[in-house]
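**Q** Sharing a structure below in structure tokens format, with a few things to ask.
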Amino acid sequence: MNVNPLHVMQSLRGILTEEEELAFMNILYSSSATIRSSNFGLPRKEVEKILHIQGDDEKFFSFLTRINQVMSRYIKVIYDERRDQVITMMRVPARSARTTLSKESLALLLYMFYQQEVLQHEFTLFDGLLEAFGHETTKANQRILINLDALKKIGAIEEYEGNSQEKAYVLTAIGVHMFSDSFLRRTAEFSQSNQLNKEEVLKFFKRYNLYQKGESAE
């Protein structure tokens, strides 16, 4: 099996048209935190404009699926329906991920993932995070805010805009897709002290909701 990322990128030329290649490169470019700050990704209407497929769901999702089938070892292209943006996420080893996010940030993200994806809460209150993580820690308020800011900078969460007067946060599509199935399995097994199969884990985390119809889980 050829695992050279440059060769894999080259193989895209066999399944994408010139317009699709251009759209993919624009999505890659716009997904950079350096380029777009917190506004990650390319609006769907811009992708469709490049592809000349305005309003064609079948062709739009076919484009995303074909890229993911070839590039899944290295990147994943996702569609953020709420923001109407197409985003590229790069897969990195756990060791590399630890240089981007602290253990505290990852713990906060996993807590919000569980609340919003499993329990189906619309948002997570800051006071709830403080109660769960900071009740035994000095300067907990400041430390949690620092770690939440780190999550906002990579586009994993954003502040909830609603009628509530309390500070709250909501996962973005990036935050929802940050945890791999293997990570969720290890997390569930650790908490349950029992070995679980993949289907049990996906069912527990409602992971099947993260895939478009016809797209297989990794």
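**Q** Can you confirm whether Phe133 is among the aromatic types (Phe, Trp, Tyr), out of contact with any Lys or Arg (no Cβ under 7 Å at 6 or more places or on another chain), free of Cβ contacts under 8 Å to residues at least 60 places away in the same chain and within 23 Å of Glu46 (Cα to Cα)?
**A** Here the answer is no, as Phe133 does not meet what is asked.
**Q** Which residue pairs have Cβ atoms under 9 Å apart, sit 6 or more places apart or on different chains, and have a first residue in region 54-66 that is more than 15 Å from Gln85 (Cα to Cα) and a second that is surrounded by fewer than 14 Cβ atoms within 10 Å (Cβ to Cβ)?
**A** Final answer for the pair search is Thr65/Gln212; Thr65/Gly214; Thr65/Glu215; Arg66/Ile15.
**Q** What number of residues within region 118-169 are assigned to a loop (DSSP other than H, G, I, E, B) and at pLDDT 85 or above?
**A** Residues in region 118-169 being assigned to a loop (DSSP other than H, G, I, E, B) and at pLDDT 85 or above: 11 in total.
**Q** Among the helices (runs of 4 or more DSSP H) contained in region 1-115, which hold 3 or more residues that are touching a Phe, Trp or Tyr at 6+ places or on another chain (Cβ under 9 Å), closer than 30 Å to Ile146 by Cα and at pLDDT below 85?
**A** Ranges flagged: 33-36.
**Q** In addition: Condition test on Leu145, is it over 16 Å from the mean Cα position of the chain (by Cα) and either of a type outside the set (Asp, Glu) or surrounded by fewer than 19 Cβ atoms within 10 Å (Cβ to Cβ) (or both)?
**A** Against the criterion (over 16 Å from the mean Cα position of the chain (by Cα) and either of a type outside the set (Asp, Glu) or surrounded by fewer than 19 Cβ atoms within 10 Å (Cβ to Cβ) (or both)), Leu145 qualifies.
**Q** Of the residues Arg73, Arg82, which single one is within 16 Å of the chain's Cα centre (by Cα), basic (Lys, Arg), within 17 Å of Phe179 (Cα to Cα) and assigned by TED's automatic domain parsing to the domain that holds Pro43?
**A** Arg73
The values are calculated or read from the model by the stated rules, or taken from the named source; none is laboratory data. The shown structure was predicted, so the numbers you read here are calculated from the model rather than taken from an experiment. Neighbour counts run over all protein chains shown; Cβ positions are idealised from the backbone, glycine included.
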